[in-house]
Amino acid sequence: MTTLKDLKNKMKVPVNEPVISEDSKKNVAEALATGWLSSSGPFVKKFEETFAGFVGRRFGAAVSNGTAALHIALLSLGIGKGDEVIVPAFSMGACFLSVLYTGAKPVFVDCELETYNIDPKKIEEKITKKTRAIMAVHTYGHPCDMDPILAIAKKHNLRVIEDAAEAHGATYKGKKCGSFGTVSCFSFYANKIITTGEGGMVLTDDEKIADEARKIRDLHHSNFKRFIHDEIGYNYRLTNIQAGIGLGELSHIDEYLTRKEKLAKRYKEGLSGIPGLRLPITKPDVKNVYWMYGVLIDQKKFGMDRDTLREQLAKNGIDTRDFFYPPEEQPVLKNIVKSEKFANAAYAGHNGLYLPSGLAITETQIDYVVETIKKIAGK
Ligand SMILES: *Cc1c(COP(=O)(O)O)cnc(C)c1O
């Protein structure tokens with residue numbers, strides 16, 4: 001057993017350390033032993049069915065990563081040049097990059113500071129004749145406010161693409177994140193709640209969209225003849241080895257969600273009441289899965305800025321990450337965003353960080369992080 005004293009001597013808390021179950025190891029060994037290495041193996045279909053069932057969707061298409069899932073989702077809805085897609089100003093770059101891949105234009109909407117999710121009140125003013133879809137992203141595990149988003153989409157005849165890459169198992173009004181979008185996307189990157197190392201999935205209830213997504217993922221071979229290509233397709237396939245890991249991990253999701261809940265509870269108990277340190281909240285009617293435990297620093301009240309706090313924590317062996325940066329600070333977007341500013345996304349980007357939140361983190365490590373922050377804050 002590692003004690004608090006050992007930790008202080010070793011002083012290492014990684015920002016994310018995954019847990020890999022014995023079931024996953026067994027499945028990988030089986031994939032290797034049977035020679036089913038590529039996407040043709042039996043675990044892929046089984047993983048698609050099991051994960052779609054978990055989220056409550058009819059169809060799942062496993063893909064090579066979450067960014068590919070978003071790209072396929074957009075393409076499967078026919079989105080491309082001349083179209084606009086509403087995306088959150090505070091999010092992972094894959095959201096706007098995937099829109100750029102298709103030739104469409106990402107149109108940004110600022111976030112709420114409470115949850116860092118897209119602010120539904122600011123969506124309608126960004127809708128034009130060219131708008132085709134709204135990308136709803138559940139940031140850091142907290143579901144976004146789906147009711148107003150779905151209502152706006154319905155009113156303006158838009159599709160909803162849900163990005164639940166950070167929200168495996170989260171719920172909004174009792175329904176799983178990933179069950180709301182016309183198409184929904186997940187990532188299984190190593191720091192996500194369910195991982196396959198690299199990987200992702202596209203989910204939908206629409207059989208036509210599911211078929212199209214499967215074709216796009218596999219070079220768009222024609223239905224009639226293999227090696228005849230009726231459209232542009234990609235190689236975005238997931239391997240049988242990866243799907244074996246996904247199945248192994250998925251069988252432990254309840255345990256993982258409990259770990260995340262406990263982690264958040266322990267951080268909250270330890271860090272509540274420190275002036276200038278804003279902790280995550282959970283709105284009524286949702287289950288927050290705390291993918292990452294993000295905090296906001298009010299420089300004046302806390303007594304130092306985010307970057308200084310991160311440096312101090314690093315000196316004590318505690319690894320953290322900055323929040324996402326806003327569109328106006330992304331050189332790749334300079335011709336799209338022009339002089340627009342996103343005040344909340346910029347504030348979060350410059351004052352937010354997330355604490356070590358991986359599934360392998362121990363109570364002792366959390367207590368060490370809490371104690372170190374308190375010491376730095378002079379509490
Ligand atoms: C991780 C993530 C992605 C991208 O997934 P990859 O598997 O890394 O390509 C997309 N959107 C969000 C919100 C993410 O957190």
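Where a number appears in this text, it was derived from the coordinates with a stated rule and is not lab data. Values in this document were obtained by computation on a predicted structure and should not be read as measured data. Neighbour counts are summed over all protein chains in view; Cβ atoms, including those assigned to glycine, are modelled from backbone coordinates with ideal geometry.
Give me the number: length gained by fully extending K268 to T308, i.e. 0.36 nm times residue separation minus the C-alpha to C-alpha distance, one decimal in nm.
Length gained between K268 and T308: 12.2 nm.
How many nm is it between the label spots at E30 and I228, if each spot is 7 Å from the Cα in line with the beta carbon?
Rounded to a tenth, the inter-label distance reads 3.8 nm.
If R0 is 35 Å, what FRET efficiency do you get for E329 and D211 from their C-beta distance, rounded to 0.05?
Working from the Cβ atoms, E equals 0.35.
Once you've got the Cα coordinates, tell me which of K155/K341; K130/K338; K129/K155 are over 22 Å apart.
K155/K341
When the chain is fully extended, how far beyond the present Cα-Cα distance does K300 get from D285, taking 0.36 nm per residue of separation?
Here the answer is 2.1 nm.
Rounding to the nearest 10 and keeping the result within 0 to 90°, find how far the Cα-based axis of helix 240-250 lies from the longest principal axis of the chain.
Approximately 50 degrees, to the nearest 10.
Starting from the 7 Å offset along Cα-to-Cβ, what nm value, one decimal, do you get for the label separation of T128 and S251?
Distance between label points: 5.2 nm.
What is the Cα centroid distance between region 262-335 and region 97-141, reported in whole angstrom?
22
Highest first, please rank the peptides 315-321, 120-126, 138-144 by the mean number of other Cβ atoms sitting within 10 Å of their residues.
138-144, 315-321, 120-126
How charged is the neighbourhood of A133? Take every other residue with its Cβ under 9 Å from the Cβ of A133, and add Lys/Arg as +1 and Asp/Glu as -1.
0
Say R0 is 30 Å: what FRET efficiency, to the nearest 0.05, do H221 and L100 get from their beta-carbon distance?
After rounding to 0.05, the efficiency reads 0.70.
Cα to Cα, under 18 Å, and not fewer than 8 places away if on the same chain: which lysines meet these conditions relative to K283?
Cross-link targets: K121, K173, K175, K176, K260, K262, K265, K268.
Once both axes come from the Cα atoms, what is the angle between helix 22-34 and the longest principal axis of the chain, in degrees from 0 to 90, rounded to 10?
40
What is the local net charge at A33, summed over the other residues whose Cβ is closer than 14 Å to its Cβ (Lys, Arg +1; Asp, Glu -1)?
Taking every Cβ under 14 Å from that of A33, the sum is +1.
Please sort 183-196, 246-259 by packing, taking for each peptide the average over its residues of neighbouring beta carbons within 10 angstrom, highest first.
Going by the mean number of other Cβ atoms within 10 Å, highest first, we get 183-196, 246-259.
Add -39500 (n - 2.57) for each DSSP H run of 4 or more in the chain, then divide by its residues: what number comes out at 222 nm, to the nearest 500 deg cm²/dmol?
-11500 deg cm²/dmol
Report, ordered by chain and residue number, the lysines lying within cross-link reach of K225, taken as a straight Cα distance under 19 Å and ignoring same-chain residues fewer than 8 apart.
Cα-Cα hits under 19 Å: K208, K215.
What is the spin-label model distance, in nm, from N235 to K341 if the labels are put 7 Å beyond Cα along the C-beta direction?
The two pseudo-label positions are separated by 4.7 nm.
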